[in-house]
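**Student:** The following block contains the structure, expressed as structure tokens.
The values are calculated or read from the model by the stated rules, or taken from the named source; none is laboratory data. Just so it is clear, the model here is predicted, and its values are computed rather than measured. Methodologically, a virtual Cβ is constructed for each residue, glycine included, from the backbone with ideal geometry; neighbour enumeration extends over all protein chains shown. Quick note on the areas: whole protein, heavy atoms, side chains included, nothing else; ligands and nucleic acids left out. Shrake-Rupley method; radii C 1.70, N 1.55, O 1.52, S 1.80 Å.
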Amino acid sequence: MKLLFTALLLSLACCAMAAVDSLHAAVYHLSNAKVEKVNGLEKRIVLSGTTFDIQHFEVYTLTLPAGKKYTSTAADSKCEQLIVIKSGTVKLTVGDTTKTVGPGSLALILAGDKITFENTSPAPVTWYVLSYQTKMEDLKRGHDAGPSFIKDWNDLKATKSPKGETRMVYDRPTTMFERFDVHATVLNNGYNSHDPHTHRAEELILMIDGNSQFQIGQEKFQAQNGDAILMASKVLHAAQNVGTAPCSYYAIQWHLHKGD
């Protein structure tokens with residue numbers, strides 16, 4: 001009986017560990033995503049599952065036809081969302097703020113809030129959605145740090161170097177994280193972003209233009225526009241532009257605790 005009980009506990013522990021981290025450090029290719037029709041939009045799921053820090057994590061694209069309007073749902077507002085415009089021009093409304101923005105622009109939508117997309121252009125518009133929920137959810141913390149917001153790519157200040165450009169977007173507490181840090185990088189061809197390194201915080205790289213090579217652990221992988229690269233906690237990683245033109249990506253890092 002004791003042996004059976006012990007085996008059962010080990011089995012449950014293994015299942016629990018697997019459930020904690022179903023997404024692993026890897027390149028997730030947009031080209032592999034199947035197209036679904038959802039509420040008049042085209043949806044392509046790039047990744048979906050859990051990480052060590054995030055109990056529900058999805059990265060997907062939505063494409064809105066010309067002349068159409070879409071408002072995020074009540075189910076969406078249970079999670080926090082980061083929106084990044086991939087292609088086209090769209091009018092975004094968050095609270096009392098409305099802006100018409102293009103590729104590279106983004107919006108942080110805190111849990112409990114909604115966003116409206118209106119495509120007034122003659123062509124479809126596509127955006128990325130990062131939707132996530134953690135056990136450290138704190139609505140007061142997030143809203144006390146500031147409201148949901150929209151950032152126009154053209155308003156982001158670029159710091160230039162021989163490697164390329166860096167644009168700091170924000171670094172603040174949110175409804176899901178003690179600290180959420182996002183910046184954009186333009187990496188010139190032939191350059192490394194930095195030496196291979198590790199850190200406690202998990203990180204997602206979202207390719208928004210061009211292609212690059214990523215080291216994950218001791219292996220190297222190719223990624224291109226639209227791909228998402230997940231860097232798990234304490235996994236060795238680095239990026240190198242081995243192409244013939246600059247590449248651009250968002251580096252998105254989250255911290256559940258102040259010391260991460």
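**Student:** Within the accessible area of the chain, what % is carbon and sulfur when the probe is 1.4 Å and the other protein chains stay in place?
**Tutor:** Details: 6890 of 12680 Å².
Carbon plus sulfur share of accessible area: 54 percent.
**Student:** Let me ask something else. Just to be sure I understand: with springs between alpha-carbon atoms less than 10 Å apart, which residue in PRO196, PRO122, PRO147 has the highest mean-square fluctuation in the Gaussian network model of the chain?
**Tutor:** PRO122
**Student:** Could you sort 251-258, 169-176 so that the peptide with the highest average Cβ count within 10 Å comes first and the rest follow in order?
**Tutor:** Result, highest mean first: 169-176, 251-258.
**Student:** Let me ask something else. Of ALA75, ALA66, ALA111, which has the largest mean-square fluctuation in a 10 Å C-alpha GNM of the chain?
**Tutor:** Maximum fluctuation in the GNM of the chain, among the listed residues, is at ALA75.
**Student:** Further question: With each pseudo-label sitting 7 Å past Cα toward Cβ, what's the GLN218-THR97 distance in nm, one decimal?
**Tutor:** Placing both labels 7 Å beyond Cα along the Cβ direction yields 4.6 nm.
**Student:** On to the next question. Could you order peptides 77-87, 131-141 by the average number of other Cβ atoms within 10 Å of their residues, highest first?
**Tutor:** Details: 77-87: 21.1, 131-141: 16.5.
Descending mean neighbour count gives 77-87, 131-141.
**Student:** Which entries of LYS34/LYS78; LYS34/LYS163; LYS86/LYS160 have Cα-Cα distances beyond 28 Å here?
**Tutor:** Among LYS34/LYS78; LYS34/LYS163; LYS86/LYS160, the Cα-Cα distance tops 28 Å for LYS34/LYS163.
**Student:** Now for a separate question. I'd like the distance between the alpha-carbon centres of segment 200-247 and segment 16-78, rounded to an integer number of Å.
**Tutor:** Centre-to-centre distance over Cα atoms comes out at 19 Å.
**Student:** For the chain, what is the accessible area per residue in Å², given a 1.4 Å probe and the full set of protein chains?
**Tutor:** Value for the chain: 49 Å² per residue.
**Student:** Roughly how far apart, in whole Å, are the Cα centres of segment 128-145 and segment 81-104?
**Tutor:** The distance from the Cα centre of segment 128-145 to that of segment 81-104 comes to 19 Å.
**Student:** Grab the Cα-Cα distance for ASP144 and THR244, subtract it from 0.36 nm times how many residues apart they are, and report the gain in nm with one decimal.
**Tutor:** Numbers: separation 100, 0.36 × 100 = 36.00 nm, distance 4.46 nm.
Difference between extended and current length: 31.5 nm.
**Student:** Now for a different question. In segment 132-158, whose amide N lies under 18 Å from the spot 7 Å out along Cα-to-Cβ of THR89? List them in ranges.
**Tutor:** 151-156
**Student:** Then there's this: Using a Gaussian network model on the chain with a 10 Å cutoff between Cα atoms, which of GLY190, GLY226, GLY88 fluctuates the most?
**Tutor:** Taking springs between Cα atoms under 10 Å, the residue moving most is GLY190.
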